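Just below is one structure, and these are the notes that go with it.
The values are calculated or read from the model by the stated rules, or taken from the named source; none is laboratory data. What you are looking at is a predicted structure, and each value in this text was computed from that prediction instead of being measured. Quick reminder, even Gly has a Cβ in these numbers, built from the backbone with ideal geometry, and neighbours come from all protein chains shown.
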Amino acid sequence: MNGIGMTHERSGYDRALAIACLIVLSFPLLLVLPKVVDGSFMLGLDFSCFWSAGTMALDDHAAAAYDWQQLRQLILRIQPGLNQAPFPVYEVPIPFFYPPVFFFLAAPLALLPFPTAFWIWSAAKLLCWALVVWAIRPRSIALLLAFAMPPVLYDFFVGQCSLLAASLLGGILLTLDRRPIVSGLLIALLIFKPQFGFLLPFVLIATGRWRVVITASLAILVLMLLTGLTFGWDTLEGFRAAAIFATTQFHFTGTLAWYKLQSIYGVLRFAGLGYGSAMAVHIAVAAAVAIWAMMIWRRNVSFAVKAASLLAGTLLVSPYFAIHDMATLALALVFLMSAPPSEQGSLLSNRSAIRIGYSVLVVLGFAYIALIPVGPLMCATVIAMIWMRCRQPDVKSDLAYG
């Protein structure tokens, strides 16, 4: 195909994908914005948990943020609609599960009035997200795709921190080879949402990236020391107790609706399996995914494909992921968009795969509204794209990002 034909084809592909992304973006915004204006939609519900925890930290009672009943009293001041919540999960206290290092984010935000803090928090997350996406693939269509994913919208509306965690994970991958010290420091920052980093050590050790491992380990120790000195060592005990209670009596007993756990474990409990059987299957799948990811990283394939495999695999190894965490898959798609083509026409097939994969992820993302766990199917969609990509015989290893 000549250059003019390829340019025309690319233009048509970008235009079709851009229109689809704009439709996906406009649909939920048109539905939600009127409710935000009339006050019937609880914008920033999850962020109210962060803001309240930050308020306690400013009052020198950071450890009290792990007491769900005390935290709920503060949340009710800014989200009084929780007393008439439409979903049963909101009838119990909204918990604060995050490691104490999260207070370094929550406390400065609590210096501001809640609405101002929410919009600053949202703008900062979106800016980080946009910068990482642009660094992966500096094209407007990539930005549109990364923003027009249902989990991204969910994260924005409730004020969660998944976009920030996914941005850090993307930054870690972008700096992994050319700036290993920076990559290690970013890993340390990711401990505020530790499940996002569970797969990283396996890949780093399997590929011998010891500078990253050592930097991350030392930086995490320093962060823990600074956290204890700043917010009190009792926050570590508070987090430990909250994590145990969350595991034994919140996530794994059905107090949190099963459809909210976007994991293999959550799907199986949603289907009626007991704890033992569901957890055994989840662990088996997680182990298989970890092995698969390490095999991909040791193969001579594009770094973009390796990055996508880690992003998709990360969301399958922990039972704790929620729907807004699936925003990470948008980064996986952007990485796959930037993967170099093979010599046998993979450019067209790659574009088709992106279009089909994006369509499936959008449909599954909105299917969550029907209160069903869709996360594993979303991850499986990206893994299928990676599998097809790895089967192409002419895919070469490209330069590492950084």
Matching residues, segment 269-302, being closer than 15 Å to Ala380 by Cβ and either surrounded by 21 or more Cβ atoms within 10 Å (Cβ to Cβ) or aliphatic (A, V, I, L, M) (or both): Val281, His282, Val285, Ala286, Ala288, Val289, Ala293
Return the residues of segment 349-368 that are modelled with pLDDT of 85 or more and either under 13 Å from Met388 (Cβ atoms) or of a type in the set (Phe, Trp, Tyr) (or both); say none if nothing qualifies. Ile354, Ile356, Gly357, Tyr358, Phe366, Tyr368
Quick check: anything in segment 238-248 in contact with a Pro (Cβ under 7 Å, 6 or more places away or on another chain), under 21 Å from Phe196 (Cα atoms), of a type in the set (Phe, Trp, Tyr) and in a helix (DSSP H, G or I)? yes
Residue in segment 257-269 that is assigned to a loop (DSSP other than H, G, I, E, B), within 26 Å of Val182 (Cα to Cα) and touching a residue at least 12 places away in the same chain (Cβ under 8 Å) present: no
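Scan segment 166-188 and tell me whether some residue there is polar (S, T, N, Q), within 30 Å of Gly357 (Cα to Cα) and more than 15 Å from the chain's Cα centre (by Cα).
Filtering segment 166-188 for residues polar (S, T, N, Q) gives 167, 175, 183.
Restricting the remaining residues to those that are within 30 Å of Gly357 (Cα to Cα) gives 167, 175, 183.
Checking which are more than 15 Å from the chain's Cα centre (by Cα) leaves us with 175, 183.
The answer is yes; a qualifying residue exists.
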Checked against (1) modelled with pLDDT under 90; (2) surrounded by 15 or more Cβ atoms within 10 Å (Cβ to Cβ), Thr381 satisfies every condition except (1)
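I'd like to know if segment 92-106 contains one or more residues that are modelled with pLDDT under 90 and loosely packed, with under 15 Cβ neighbours inside 10 Å.
Taking segment 92-106 as the starting set, the residues that turn out to be modelled with pLDDT under 90 are 92-97.
Filter once more, so that each one left must be loosely packed, with under 15 Cβ neighbours inside 10 Å: 92.
Yes.
Yes or no: segment 183-198 includes at least one residue that is among the small types (Gly, Ala, Ser), touching a helix residue (DSSP H, G or I) at 6+ places or on another chain (Cβ under 8 Å) and more than 21 Å from Arg298 (Cα to Cα). Before you say what the answer is, go through the steps one by one.
Restricting attention to segment 183-198, the residues satisfying the condition of being among the small types (Gly, Ala, Ser) are 183-184, 188, 197.
Imposing the further condition that a residue be touching a helix residue (DSSP H, G or I) at 6+ places or on another chain (Cβ under 8 Å) reduces the set to 183-184, 188, 197.
With more than 21 Å from Arg298 (Cα to Cα) added as a condition, the list becomes 188.
So far as segment 183-198 goes, yes, one or more of its residues are among the small types (Gly, Ala, Ser), touching a helix residue (DSSP H, G or I) at 6+ places or on another chain (Cβ under 8 Å) and more than 21 Å from Arg298 (Cα to Cα).
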Hits in segment 95-128 - residues which are assigned to a helix (DSSP H, G or I), within 25 Å of Gly232 (Cα to Cα) and of a type outside the set (A, V, I, L, M, F, W, C): Pro100, Pro108
Checking Leu218 against (1) within 24 Å of Gly357 (Cβ to Cβ); (2) modelled with pLDDT of 95 or more; (3) not small (Gly, Ala, Ser): exactly one of these is not met. Which one? (1)
Restrict the check to segment 306-321 and report whether at least one residue is more than 25 Å from Leu164 (Cβ to Cβ), in contact (Cβ under 8 Å) with a residue 40 or more places away in the chain and surrounded by 15 or more Cβ atoms within 10 Å (Cβ to Cβ). no
For segment 162-192, give me the residue count where each residue is surrounded by fewer than 23 Cβ atoms within 10 Å (Cβ to Cβ), within 22 Å of Phe239 (Cα to Cα) and not aliphatic (A, V, I, L, M). 1
Can you say whether Ser346 is at pLDDT below 95, hydroxyl-bearing (Ser, Thr, Tyr), more than 23 Å from Ala288 (Cβ to Cβ) and surrounded by 19 or more Cβ atoms within 10 Å (Cβ to Cβ), as far as the supplied structure shows? yes
Might you check whether a residue that is within 19 Å of Lys306 (Cα to Cα) and either aliphatic (A, V, I, L, M) or modelled with pLDDT of 95 or more (or both) occurs anywhere in segment 147-163? no
Residues that are closer than 22 Å to Ala146 by Cα and either modelled with pLDDT of 80 or more or acidic (Asp, Glu) (or both), drawn from segment 23-55: Ile23, Val24, Leu25, Ser26, Gly44, Asp46, Phe47
Given (1) more than 16 Å from Leu173 (Cα to Cα); (2) of a type in the set (Gly, Ala, Ser); (3) in contact with a Phe, Trp or Tyr (Cβ under 6 Å, 6 or more places away or on another chain), where does Ala308 come up short, assuming only one miss? (1)
Could you list, in sequence order, all residues of segment 273-313 that are under 22 Å from Ala330 (Cα atoms) and of a type in the set (Phe, Trp, Tyr)? Trp292, Trp297, Phe303
Any idea which residue in segment 130-158 is nearest to Leu43 (Cα to Cα), counting only those that are surrounded by 24 or more Cβ atoms within 10 Å (Cβ to Cβ) and of a type outside the set (A, V, I, L, M)? Asp155
Unmet requirement for Ile205, which otherwise passes all of (1) modelled with pLDDT of 90 or more; (2) touching a Leu at 6+ places or on another chain (Cβ under 9 Å): (2)
Positions within segment 116-134 being in contact (Cβ under 8 Å) with a residue 40 or more places away in the chain and farther than 26 Å from Leu329 by Cβ, in sequence order: Ala117
